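Enquirer: Take a look at this one; I'll ask things after.
The values are calculated or read from the model by the stated rules, or taken from the named source; none is laboratory data. If you're wondering where the values come from, they're calculated on a predicted model, not measured in any experiment. Methodologically, a virtual Cβ is constructed for each residue, glycine included, from the backbone with ideal geometry; neighbour enumeration extends over all protein chains shown.
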Amino acid sequence: MAVREFLEIFCAHDCIIISSPEYIRAIPGGLKNAIDWLVSRVEVIGKPIALVHASHRGDDMLASLRLVLSTVSSNFLEHLFLRIPLIGKSPEDAVKFLCLPENESQIRSFLLDLEALVISARA
């Protein structure tokens, strides 16, 4: 996908949810490049950005990512974070795990909180 198309897709949405694996305890290069492309875009400044993490590991990468995102957007929602450990699960087991009532509840709560913040950012 061309950078321009990526930026158009990003700018057309009210918020962004980022989920990324770690790479050698750091932000993967491709994700960091994508974030760098967004930095100069005025549309990004107030766009709500939240994190989802599918591992019980990766805290070093998450700390770096939080620092970068708080620089990119004035509306990076550091407090809005969803962590669901899926590492080592097959796709079938991951779906079953996500469908457990406690996980569905956690995901629903995350999305409802994000929706409320998006609505307030529009106002």
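Enquirer: Got a number for residues in the range 80-112 being assigned to a helix (DSSP H, G or I) and β-branched (V, I, T)? Spell out the reasoning first.
Expert: Step one: filter the range 80-112 for residues assigned to a helix (DSSP H, G or I), giving 91-98, 101-112.
Those left that are additionally β-branched (V, I, T): 95, 107.
Qualifying residue count, the range 80-112: 2.
Enquirer: Among residues belonging to the range 80-120 that are exposed (fewer than 15 other Cβ atoms within 10 Å of the Cβ) and of a type in the set (G, A, S), point out the one that is modelled with the lowest pLDDT.
Expert: Residue satisfying both the conditions and the ranking: S120.
Enquirer: Report whether or not E115 is in contact with a helix residue (DSSP H, G or I) (Cβ under 9 Å, 6 or more places away or on another chain), part of a helix (DSSP H, G or I) and among the acidic types (D, E). Quick ask: steps written out before the conclusion?
Expert: Details: in contact with a helix residue (DSSP H, G or I) (Cβ under 9 Å, 6 or more places away or on another chain): no; part of a helix (DSSP H, G or I): yes; among the acidic types (D, E): yes.
No, not satisfied.
Enquirer: Then there's this: Pick from the range 73-123 the residues that are aromatic (F, W, Y) and without any contact (Cβ under 8 Å) to a residue 40 or more places away in the chain: which of them is farthest from I35 (Cα to Cα)?
Expert: Keep residues of the range 73-123 that are aromatic (F, W, Y), which gives 76, 81, 97, 110.
Within this subset, residues satisfying the condition of being without any contact (Cβ under 8 Å) to a residue 40 or more places away in the chain are 76, 81, 97.
Working: F76: 13, F81: 18, F97: 30 Å.
Applying the filter and picking the extreme gives F97.
Enquirer: Is one or more of the residues making up the range 40-51 among the hydroxyl-bearing types (S, T, Y) and over 22 Å from F6 (Cα atoms)?
Expert: The first filter runs over the range 40-51 and keeps only residues among the hydroxyl-bearing types (S, T, Y), leaving 40.
If we keep only those that are over 22 Å from F6 (Cα atoms) as well, we get none.
No, the range 40-51 contains no residue that is among the hydroxyl-bearing types (S, T, Y) and over 22 Å from F6 (Cα atoms).
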